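As structure tokens, the structure follows; a few thoughts come after it.
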Amino acid sequence: MSGNITLIMLDLIILLGAVVYFTSRGMGGMGPSLVQFGKFILDKAPVGVVDMFDSKEGNASKNWMLLGGLWFCFAAVLGFISTWLNYDSTALDSLGSVGWTYNEVLLNAATYNALFWGAFSMIMIGASLTIIARLSETDLVCEANGSLMAFAWSGVTLLAIVLPIFMDITRAESSYLHIMYGGIVLFVLVNIMMTIGSRSENTPITTPVWLILLSTSALLWGLFANAAGHFLGNTQLEWISWSIVSGWFPIALIIAVMNYMAVKASGSPLWSRHLSMATLLLFVSVVPLGVGKASGTDNLWGSVGAIAMAVGLLPIFAGSFNTMATLKGRWNCLVEQPAAASVAAGGVLLPLFAVGAFFTGLDSFAGIGELSAVHATVTMGFYWVVGGILMVGVLNFILPLAIGRQVSSRSSARWSFWLVLFGGLGWTITSLMGDFAQKALTDAGAEGSVGGFQLTASVFLYASVMGVFMAMRNAQASCYTGALESDKDIFASAKSPTTLRLTGGSTSIRQLLSQGVGIDTELLVDAAEAEAEEIEAVEEVIIEKAEVADIASFSPELQKLAMHLRDSDSSVFDIFTEMDINKDMEIDHFELREGLSNMEIASLAPWDMDSLVKEIDLDGDSKINLPELDILILKIINSLEDVVVEVNYSRLKKAELIALCEQKDLSTKGTKAELIARLTE
């Protein structure tokens, strides 16, 4: 028994290792020939059929996501009907004249197929194609074949739902359907690998790309291995392969999409590369979602499986925390970008569902199975809630991005997010309450009904139905009536503030644009500051000799930064703009850490940055602006060389002058001119 499981896992490791090796290293001398052969297969197979589809950029992603959106609507309706009929099984008996008969098992199976294979898989694969092309800085190798595979996948899903109506589906028919899905995944994987391979030499393969590539490869292996396990009578192979299909594949795509949307919506790079790499531990673990009873395993492999399920929580926590930390300091994007709200909610809820699935799945895997119904509810709730809000986010954000258009209605996007979140959470919580109530009644041997929980759950899920239809309507409008990205005013952006208050000092059009100011932004000048500026306009610039501080009072990293600046031909402005990744004229914790690392000054952990930023930050906003960095560099150079350095107080903001007055125990009241006079006395 142990030998079978060892060989199974060895085959999977060899496949994933080969994918990683040949993707990163290439195929050597065989590369050009294989690329040409791959393009021929994608462009010409099946002969004549692929020519029916457009090769326009983003067309494949659009078709995957739109078809997935249609399946999302269908799945929501089926889920509502299924939940309602659990409360009242005779509600649709009036349809008996047209052949309707209520079969709980078939209806639940149809709901799962529509939700997982139709909605979730198609929307996430469509988003993945866009992410791969964007992060590889190239186009998808074959858009037409990608579109063809989208319709083929949708056809197989339809077959999986309709076929049980006319015949009894056995394990053999399910295996044939898995083989069909596997054939489609093979074409998608070739398209993805060739797209990654066509990137420039200077373009790195980022962690979201690895997650998508490895999850697609694991899905390919899992589908074929699951069918082989049935035909060979190998139950261990069936269990392992299905755990990969229902675990690695969805979780890896969720983390990849969350990370990508967090970066795009916030304008900040991923918070931690170490946490990003930690998410790859997913592929050496067992994800607790959808775990079934493992039959025929010995005690050793049963214990290993339980440990692997615990390890499976680590990459989930790492991916969620990294996503939330990326959004930190950019919380305004949660209001401006509904997709950012989807990502933030997903980052909070994903670990909660993972923990719930772990404890209920552990009972299903190695226990007596008392919580199997609860585990099934947690798994479905995961797709209604976490999967649902991310699918809504993809339809409202990545879909318009793929086709170069703006989202049709931000209001509809927000409403669809809240409806799906509210409905999914309500369904999950109420259904879990019903499951535990039913278990308590069964254990006590008492009669009773949990119909009230089922009725309430169906009402909650109806909110999700409305949200899904609203999201799909908005996605369709974005595709065909949304404004083109090229039509956006070059001086304005979606984040342009309606007003901007200017304080004393000078500025430029470039600096205003870098702060997101648009042509319709109203500029406000404080009256007291304007009066102070008029007084200063007729006076000479006031300068003061900077104090000579003890060099030991500065952090070693900042000393190295000052010496780097002194010994190079760069100015403080050059260093500042190099660190300012998102060009908002402010440097946050992440940007400072990346800047120090890129200049080979220091490689610090994220938790070491608070004290460093506080040392530079004068106005206490946890951000570093150009004058603050300029003052610090001047002080350090002054301490190093024991020379007099002049500080131009008129260039500083009023908040920075107040901070300097507080350091010198001076009064902080008055206009900017009075503060400068007080500092120079």
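The values are calculated or read from the model by the stated rules, or taken from the named source; none is laboratory data. These numbers were taken from a predicted model, which means no experiment stands behind them. Because the Cβ atoms are built from the backbone with ideal geometry, glycine has one as well, and the counts that use them run over all protein chains shown.
Residues in segment 84-140 that are farther than 14 Å from Ala256 by Cβ and among the charged types (D, E, K, R) were compared, and the one that is modelled with the lowest pLDDT is Asp93. Among the residues of segment 71-109, those that are under 21 Å from Ile389 (Cα atoms) and out of contact with any Ser or Thr (no Cβ under 8 Å at 6 or more places or on another chain) comprise Phe72, Cys73, Phe74, Val77, Ile81. All of Leu634, Leu612 fail the test of being aliphatic (A, V, I, L, M) and either closer than 21 Å to Leu270 by Cα or surrounded by 17 or more Cβ atoms within 10 Å (Cβ to Cβ) (or both), apart from Leu612. Count of segment 563-572 residues, restricted to those that are of a type in the set (D, E, K, R) and not in a loop (DSSP other than H, G, I, E, B), is 2. Only one entry of Leu10, Leu16, Leu70, Leu66 meets the criterion of being in the same structural domain as Arg199 (by TED's automatic domain parsing), at pLDDT 65 or above and farther than 29 Å from Gly126 by Cβ, and that entry is Leu10.
Within segment 185-219, being without any contact (Cβ under 8 Å) to a residue 60 or more places away in the chain and buried (at least 22 other Cβ atoms within 10 Å of the Cβ) holds for Val185, Ser215, Leu219. On the given criteria, is Leu148 in a helix (DSSP H, G or I) and over 22 Å from Leu253 (Cα atoms)? For Leu148, the condition - in a helix (DSSP H, G or I) and over 22 Å from Leu253 (Cα atoms) - is not met.
Let's see how each residue does on (1) modelled with pLDDT under 95; (2) of a type in the set (Asp, Glu); (3) within 20 Å of the chain's Cα centre (by Cα):
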residue	(1), (2), (3)
Phe397	yes, no, yes
Gln406	yes, no, yes
Arg414	yes, no, yes
Leu432	yes, no, no
Ala437	yes, no, no
Asp443	yes, yes, no
Ala446	yes, no, no
Phe453	yes, no, no
Ala457	yes, no, no
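Rundown of residues vs (1) buried (at least 19 other Cβ atoms within 10 Å of the Cβ); (2) out of contact with any helix residue (DSSP H, G or I) (no Cβ under 9 Å at 6 or more places or on another chain); (3) closer than 15 Å to Trp64 by Cβ, yes/no style:
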site	(1), (2), (3)
Leu129	yes, no, yes
Ser136	yes, no, no
Val141	yes, no, no
Ala144	yes, no, yes
Trp153	yes, no, yes
Thr157	yes, no, yes
Ile165	no, no, no
Thr170	no, yes, no
Tyr176	no, no, no
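Pairs are defined by a Cβ separation below 9 Å, a sequence spacing of at least 6 or placement on different chains, a first member in segment 293-321 that is hydroxyl-bearing (Ser, Thr, Tyr) and in a helix (DSSP H, G or I), and a second member that is modelled with pLDDT of 65 or more and loosely packed, with under 15 Cβ neighbours inside 10 Å; the pairs so defined are Ser320/Val348. Considering only segment 145-158, I want to know if a residue exists there that is within 21 Å of the chain's Cα centre (by Cα), assigned by TED's automatic domain parsing to the domain that holds Met261 and in contact (Cβ under 8 Å) with a residue 12 or more places away in the chain. There is no residue in segment 145-158 that is within 21 Å of the chain's Cα centre (by Cα), assigned by TED's automatic domain parsing to the domain that holds Met261 and in contact (Cβ under 8 Å) with a residue 12 or more places away in the chain.
Any residue that is in contact (Cβ under 8 Å) with a residue 24 or more places away in the chain, under 22 Å from Ser320 (Cα atoms) and crowded, with 24+ Cβ neighbours inside 10 Å - is there at least one of those in segment 430-437? The answer is no; no qualifying residue exists.
For every residue, the table says whether it meets (1) surrounded by fewer than 15 Cβ atoms within 10 Å (Cβ to Cβ); (2) hydroxyl-bearing (Ser, Thr, Tyr); (3) modelled with pLDDT under 65.
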position	(1), (2), (3)
Phe460	no, no, no
Met470	no, no, no
Asn474	no, no, no
Gly482	no, no, no
Ser496	no, yes, yes
Leu500	no, no, yes
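Does Gly118 satisfy the condition of being buried (at least 22 other Cβ atoms within 10 Å of the Cβ), assigned by TED's automatic domain parsing to the domain that holds Ser217 and more than 19 Å from Trp384 (Cα to Cα)? No. Taken together, the residues in segment 166-183 that are among the hydroxyl-bearing types (Ser, Thr, Tyr) and outside any helix (DSSP H, G or I) amount to 1.
The number of residues in segment 618-629 being surrounded by fewer than 21 Cβ atoms within 10 Å (Cβ to Cβ) and more than 18 Å from Ile581 (Cα to Cα) comes to 3. With respect to Val141, determine if the residue is part of a helix (DSSP H, G or I), more than 30 Å from Trp271 (Cβ to Cβ) and in contact with a Ser or Thr (Cβ under 9 Å, 6 or more places away or on another chain). So Val141 does not fit the description; no. Can you give me the number of residues within segment 418-459 that are over 27 Å from Gly347 (Cα atoms), aliphatic (A, V, I, L, M) and in a helix (DSSP H, G or I)? Total satisfying the criteria: 5.
Candidates are the residues of segment 184-215 that are in a helix (DSSP H, G or I) and polar (S, T, N, Q); the one that is farthest from Gly118 (Cα to Cα) is Thr207.
When you look at Ser55, is it at pLDDT below 90, polar (S, T, N, Q) and either buried (at least 20 other Cβ atoms within 10 Å of the Cβ) or assigned to a loop (DSSP other than H, G, I, E, B) (or both), yes or no? So Ser55 passes the test. Against the condition surrounded by 17 or more Cβ atoms within 10 Å (Cβ to Cβ) and either outside the structural domain of Gln337 (by TED's automatic domain parsing) or of a type in the set (Phe, Trp, Tyr) (or both), how does Phe422 come out, does it pass? The answer is no for Phe422.
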